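Input: a single structure, listed below in C-alpha cells.
The values are calculated or read from the model by the stated rules, or taken from the named source; none is laboratory data. Predicted, not measured: the structure shown is a model, and the values here were computed from it. Quick reminder, even Gly has a Cβ in these numbers, built from the backbone with ideal geometry, and neighbours come from all protein chains shown.
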Amino acid sequence: MAIPVSNSNGSHQREVNDLATLRAAHRGEGLALNQRHMNRQLGRVLQTLGFDREWVRGEGPYLIDSGGERYLDLYAGYGVFGLGRNHPFVKAQLHELIDSDPPSLPQLGVSTLAGLLAQRLVELAPDSIDAAVLTSSGTESVEGALKLARAATGRTRILYCRRGFHGLTYGSLSVNGNEECRERFGPFLPGCDPIPFGDLDALAAELRRGDVAAFIVEPVQGKGVYPAPEGYLRGAQELCREAGALLVLDEVQTGLGRTGRFLALEHWGVAPDMITLSKALSGGYVPVGALLASRAVFNATFDSMERSVVHGSTFGGNDFAAGAGLASLMAIENERLVDRARELGDLLMELTRPLQERFEIVHAVRGLGLMWGIELGPPSGRAGRRVWETFERRQPGLAAQMVTVPLFREHHILTQVAGHHMNVIKALPPLTIPEEEIRRFAAALETVIADVESGLLRGYASLGLNLGRRLLFAR
C-alpha cells in the first residue's frame, strides 16, 4: 500500500511505498507534523527553550542534528538509552532475529526467548524473586504489581511516596506522588494513600491499620534525584513483612546498572516481593518491561487453571522485545557496564560536588552511580535573593532552565529539569559514555553556573526575565 506524501500546505505530491523515501520526503517536517497532529503544547515548549532541533541520527551518547552538529545526550530518553543509541551489538542481534522469522506471540503457546529473558532476570534478582510477567513498559509493570498485590493479599490499600513517579496510566497515576501529573484526571483508584519518602514512622502508622496490600517505592526518586536514606528500605521491608504487606521496588529507571549495581536495591541489601523494570531493558530498540515477583505472590494470584489468564500483556514477551532484552543484558555483562557506571558515577560526583562549596546558588549535589542531580537555591545576598525571588514568582523552576538552556545552546549538552517547578538539574548519562565527556559536562556546568550566579549577585534582573516571559507565554 502506498502512502500519500504531502507538502507543508497539505496538498499531495506523490505516493511512496517505502520508509526511506517517506523519511526523505518529509525531512525537516517533524515539528510541523507534531503541531498539526500531535501535542502542540509540547512543540511550543521545545520552541521556547530552543530545543526544537531536527534530529537525524543517534550514535552512542550523541544526538546529531540536520546540520551535522553533535549533542551529548544526558537525557537518554528518561533512561531508555542506558546502552547509548543504536548499540552495535544489540542492533546486530536484532537483525539476526528479524531475519530468522521467529514465531512471535503464539498466545496459546509459549516463547523460548521470553522464557530465557524471564529466567535471566530472576537469576539477576534477589533470592526473594522467582517469577516474571513480561510487559511492554514501566507503567504496565506497575499496573501489574498493583493487581498482583491485591490478588495475593486479599487487601486493597496501596501506599506510595510523595514525589514518587510510577507512570501515567490510570492505576500508576493513582500512586503517582506528583500533583502536576494528577491534576484534572481524578478521581483515582480508591485505597491509594501517600506517605513522606524516607519516613519509617509514617509507614509504620499506616501499616498498623492492617489493610495494606503493598508499599511501592523507588530506591532513588527520579523526581529531584533523591536516594533513599540509609536504613530506609531495609526498615520498610521489615515493617511490611511484620504487617503482612508486600514491598514493591520500582526499578524502572534505577535498574539495569544505572546506579552502579545491576539493581539499585543491592546498595541496601533489600529483598522485595516485587520489582518493576523497563526502560534500559529495551536496549533503546523494542519496548519491553518486566514485573518480577516472589513465587508466593504468583501462586496466590494464578492459583488455578481458570485463573491462568487473569493477568497478562498482548505484546509482553514478544520475541523481538525478549530478544532486545536478552541482548541488552549480554551487552551490560560483556562490557562491564555496571562497574563502569559506578566508576564514572564516582568521577562525576568528584568533579561536581565541589560546586556546592564554590557557588552560593548550588545547594546540593546528589545521586547514585550515573543517576545524578544538582539542586539550585537562592544566594545569601540581598540583591541576588531579590532577583531569584523575582524569577520564582514569574516561573517557579526558572533558575534550572537558566542552566539547562545554555548547556544545550552553547555547549551542545542535553540535560533535563528533574521535576515540575523544581530547581534541580538531572543527568542520566548512557553507561557507555566516554570518560572525557563526563569531564566536559562538569566543566561546562561550572561555566554556566558561574555565569548565572554572577548575574544574580550583581542584581541583573534581566538575566532570566526574557526566558521567564517566553515560558509564561508558551503556556
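Report yes if some residue within segment 367-376 is among the β-branched types (V, I, T) and in a strand (DSSP E or B); otherwise report no. Scanning segment 367-376, I find at least one residue that is among the β-branched types (V, I, T) and in a strand (DSSP E or B), so the answer is yes.
The listed residues are A300, A321, A296, A364, and the only one of them that is surrounded by fewer than 23 Cβ atoms within 10 Å (Cβ to Cβ) and in contact with a strand residue (DSSP E or B) (Cβ under 9 Å, 6 or more places away or on another chain) turns out to be A364.
Within the option set A114, A125, A76, being at positive phi and buried (at least 19 other Cβ atoms within 10 Å of the Cβ) holds for one residue only, A76. Of the residues V122, V90, V133, the single one that is β-branched (V, I, T) and either more than 27 Å from the chain's Cα centre (by Cα) or part of a strand (DSSP E or B) (or both) is V133.
Among the residues of segment 213-232, what is the count of those that are under 20 Å from the mean Cα position of the chain (by Cα) and without any contact (Cβ under 8 Å) to a residue 40 or more places away in the chain? Number of matching residues: 0. Tell me whether segment 62-76 contains one or more residues that are touching a residue at least 12 places away in the same chain (Cβ under 8 Å) and assigned to a helix (DSSP H, G or I). Within segment 62-76, one or more residues are touching a residue at least 12 places away in the same chain (Cβ under 8 Å) and assigned to a helix (DSSP H, G or I).
Are any residues in segment 77-87 in a helix (DSSP H, G or I) and either touching a helix residue (DSSP H, G or I) at 6+ places or on another chain (Cβ under 6 Å) or in the same structural domain as A418 (by TED's automatic domain parsing) (or both), and if so, which ones?
G79 - this is the single residue of segment 77-87 that is in a helix (DSSP H, G or I) and either touching a helix residue (DSSP H, G or I) at 6+ places or on another chain (Cβ under 6 Å) or in the same structural domain as A418 (by TED's automatic domain parsing) (or both).
Let's see how each residue does on (1) closer than 30 Å to R261 by Cα; (2) among the aliphatic types (A, V, I, L, M); (3) over 22 Å from the mean Cα position of the chain (by Cα); (4) not in a helix (DSSP H, G or I):
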{"residue": "G317", "(1), (2), (3), (4)": "yes, no, no, yes"}
{"residue": "L344", "(1), (2), (3), (4)": "yes, yes, no, no"}
{"residue": "M349", "(1), (2), (3), (4)": "yes, yes, no, no"}
{"residue": "P378", "(1), (2), (3), (4)": "no, no, yes, yes"}
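Screening P227 on (1) surrounded by fewer than 21 Cβ atoms within 10 Å (Cβ to Cβ); (2) under 30 Å from Y62 (Cβ atoms) shows it passes everything except condition (1).
Yes or no: G50 within 21 Å of A444 (Cβ to Cβ), in contact with a helix residue (DSSP H, G or I) (Cβ under 6 Å, 6 or more places away or on another chain) and not hydrophobic (A, V, I, L, M, F, W, C)? Yes.
Within segment 158-176, the presence of at least one residue that is surrounded by fewer than 17 Cβ atoms within 10 Å (Cβ to Cβ), under 25 Å from the mean Cα position of the chain (by Cα) and outside any loop (DSSP other than H, G, I, E, B) is confirmed. Going by the conditions given, is N86 touching an Asp or Glu at 6+ places or on another chain (Cβ under 8 Å), modelled with pLDDT of 85 or more and closer than 29 Å to T135 by Cα? So N86 fits the description; yes. Among the conditions (1) in contact with an Asp or Glu (Cβ under 9 Å, 6 or more places away or on another chain); (2) of a type outside the set (A, V, I, L, M, F, W, C); (3) touching a residue at least 40 places away in the same chain (Cβ under 8 Å), the only one that T169 does not satisfy is (3).
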